[in-house]
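Visitor: Below you will find the structure I want to go over with you.
The values are calculated or read from the model by the stated rules, or taken from the named source; none is laboratory data. Everything numeric in this text was worked out from a predicted model, so none of it was measured. All Cβ positions, even for glycine, are placed from backbone atoms using ideal geometry, and neighbour counts span all protein chains on display. Ligands, DNA and RNA are stripped out before the accessible areas are found, and what is left, the full protein with its side chains, is counted by its heavy atoms. Shrake-Rupley method; radii C 1.70, N 1.55, O 1.52, S 1.80 Å.
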Amino acid sequence: MIAMPFTALVTVAAVVLTVLLGVRVSRLREKHGIEAPATTGHPEFERGNRVHQNTIEQLVVFLPLLWLGLYVLGDAIAGLLGAVWIVGRIVYANGYTSEMATRRPGMLITTLPVAILLLASLWGILQGFIA
């Protein structure tokens with residue numbers, strides 16, 4: 001049994017989302033006849049590829065902060081912030097792939113939980129030095 005079920009579930013969901021975005025890129029490659037390792041071609045493919053790459057870039061920041069934030073905020077709050085991050089990535093992906101200019105709301109939704117997790121993690125680390 002996992003002692004932090006919400007945080008663990010969000011972690012798995014974030015990885016699944018990233019994998020699904022990668023599958024989407026593969027399908028767009030096939031649809032538009034873009035052979036790997038090419039990263040340019042049809043604009044629909046390029047947008048889908050950027051969404052996937054941006055999500056990978058964000059995942060590297062998000063996951064460590066999620067697990068560090070867990071120890072300061074607790075499982076339920078860390079899990080909730082993680083769920084907000086996932087919703088933000090979905091909004092971002094849908095906005096970016098339909099019209100690049102509409103990606104901003106998803107980007108802002110994604111940034112908020114990361115900022116909170118970063119501040120909570122730093123607070124927890126500083127408390128460790130003080131205690």
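Visitor: Show log10 I(q)/I(0) for the chain at q = 0.09, 0.14, 0.20 Å⁻¹, two decimals, from a solvent-free Debye sum over equal Cα scatterers.
Guide: Results for the chain at q = 0.09, 0.14, 0.20 Å⁻¹ read -0.31, -0.65, -1.05.
Visitor: Continuing with the same structure: Expressed as a whole number of Å, what is the distance separating the alpha-carbon centroids of the stretch 5-47 and the stretch 102-125?
Guide: Between the Cα centres of the stretch 102-125 and the stretch 5-47 lies a distance of 23 Å.
Visitor: With all protein chains present and a 1.4 Å probe, how do 4, 100 order by accessible area, largest first?
Guide: 100, 4
Visitor: Rank these by accessible area, largest first, 1.4 Å probe: 46, 30.
Guide: 30, 46
Visitor: Further question: Treat each spin label as a single point 7 Å out from the Cα along the C-beta direction, and report the residue 23 to residue 131 distance in nm.
Guide: About 4.2 nm, to one decimal.
Visitor: If you average the sequence gap of Cα pairs under 8 Å that are 6 or more apart and divide by the length of the stretch 6-131, what percent do you get for the contact order?
Guide: It comes to 28 percent, rounded to a whole number.
Visitor: In Å², and per residue, what accessible area does the chain have when probed at 1.4 Å with the other protein chains present?
Guide: Each residue of the chain exposes 59 Å² on average to a 1.4 Å probe.
Visitor: Could you check which residue among 43, 64, 105 shows the biggest mean-square fluctuation in a GNM of the chain with a 10 Å Cα cutoff?
Guide: Of 43, 64, 105, the most mobile in the Gaussian network model is 43.
Visitor: Select from 6, 70, 106 the residue farthest towards the positive end of the dipole of the chain; place +1 on Cβ of Lys and Arg, -1 on Cβ of Asp and Glu, and compute about the Cα centre.
Guide: My answer, from the dipole projection, is 106.
Visitor: At 1.4 Å probe size, with the rest of the protein present, what percent of the exposed accessible area of the chain is carbon and sulfur atoms?
Guide: 71 percent
Visitor: Among 83, 13, 36, which one shows the biggest mean-square fluctuation in a GNM of the chain, springs joining Cα atoms closer than 10 Å?
Guide: Checking each option, the largest mean-square fluctuation is seen for 36.
Visitor: Solvent-accessible area of residue 96, probe 1.4 Å, all protein chains present, reported in Å² to the nearest ten, please.
Guide: For residue 96, solvent-accessible area is about 20 Å².
Visitor: What net charge is computed for the residues neighbouring residue 110, neighbours being all others with C-beta under 14 Å from the C-beta of residue 110, Lys and Arg scored +1, Asp and Glu -1?
Guide: Around residue 110, the surrounding residues sum to +2.
Visitor: Assuming a viscosity of 1.002 mPa s and a temperature of 20 °C, what translational diffusion coefficient in µm² per second does Stokes-Einstein assign to the stretch 1-58, Rh being the Kirkwood radius over Cα pairs?
Guide: Answer, rounded: 171 µm²/s.
Visitor: Next up: For the pair residue 38 and residue 16, what calculated FRET efficiency results from E = 1/(1 + (r/R0)^6), where r is the Cβ-Cβ distance and R0 = 25 Å, to the nearest 0.05?
Guide: 0.45
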